[in-house]
1. Quick one: I114 ticks every box in (1) without any contact (Cβ under 8 Å) to a residue 60 or more places away in the chain; (2) part of a helix (DSSP H, G or I); (3) surrounded by fewer than 20 Cβ atoms within 10 Å (Cβ to Cβ) except a single one, so which number is it?
2. Which one is most open to solvent (accessible area, probe 1.4 Å) among residues in the range 11-34 that are modelled with pLDDT under 85 and more than 23 Å from the chain's Cα centre (by Cα)?
3. Can you pull out the residues in the range 14-29 that are in a strand (DSSP E or B) and aromatic (F, W, Y)?
4. Given the conditions (1) open to solvent by 70 Å² or more (accessible area, probe 1.4 Å); (2) closer than 25 Å to I22 by Cα; (3) outside any helix (DSSP H, G or I), report the number of the one that C179 does not fulfil.
5. Give the range 141-172 a look and list any residue that's over 19 Å from the mean Cα position of the chain (by Cα), among the acidic types (D, E) and over 13 Å from F102 (Cβ atoms), or say none.
6. Of all the residues that make up the range 1-31, how many are closer than 30 Å to L177 by Cβ, of a type in the set (K, R) and without any contact (Cβ under 8 Å) to a residue 24 or more places away in the chain?
7. Out of the range 58-91, which residues are assigned to a helix (DSSP H, G or I), surrounded by fewer than 15 Cβ atoms within 10 Å (Cβ to Cβ) and hydrophobic (A, V, I, L, M, F, W, C)?
Amino acid sequence: DGIRFSLKDKTYGDTVFDIPFIARYQVMNAALAVKTIQVLEDQIPVSLEALKAGMAKTRWQGRMETVLPGVIVDGAHNEDGVEKFVETAVHFQKDYPLTLLFSAVDDKDYTDMIRTILGKISFHHVIVTQVGGYRKVPAEKLAEIFREKGCPTAEACEDVEEAFKKALAAKGEDGMLFCVGSLYLVGETKTLILQGVGK
């Protein structure tokens, strides 16, 4: 559900901070925020208790965000975002069967995104859908790229709700589901969850 880390320095000693993110790069982001508070302590005093509470309650929607147990949404719609997603997912593939729900829009380099993702991650299931209205890339086109890049079982499903339900079923009780590739997909997935899908 998150990461616990300590930042050893003259101000905070061995203070332990909790952040509600599973991506290790968020530790660097959190450490930078702590150091910023430290630098500004004369102008903006913040108690250690408030700082720890703020860290624990931080939310970053659509960025490695846990939306249901074992279900993570991540926009990951550009080169850096995809690389950070891969860096995190690789860490979990040793211990969990991974399922991917993927979509992208036509002004993104989705072929390179798929190549990067499959270069380091082995998924038990890949389901591809389409989002973005007039910017959508057909699900079957994306699935075909997955197959060409080494994922022969990639399944196309045009309807986002149906695709999400299939991905949840494929995840099972002990797996992890990553919904990745577009902020449109993040938004639609979160809307489905608010409507009770997956609960």
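1. (3)
2. That would be D14.
3. Applying the first criterion (in a strand (DSSP E or B)) to the range 14-29 yields 16-19.
The answer is F17, and nothing else.
4. Condition not satisfied by C179: (1).
5. Once the filter is applied, which keeps residues that are over 19 Å from the mean Cα position of the chain (by Cα), among the acidic types (D, E) and over 13 Å from F102 (Cβ atoms), the range 141-172 yields E148, E158, D159, E162.
6. The number of residues fulfilling the criteria is 1.
7. Selection gives V90 alone.
The values are calculated or read from the model by the stated rules, or taken from the named source; none is laboratory data. Keep in mind that what you see is a predicted model, and the values were worked out from it rather than measured. Every residue, glycine as well, gets a Cβ built from its backbone with ideal geometry; the counts of neighbours run over all protein chains shown. The area values use the complete protein model at the heavy-atom level, side chains included, leaving out ligands, DNA and RNA. Shrake-Rupley method; radii C 1.70, N 1.55, O 1.52, S 1.80 Å.
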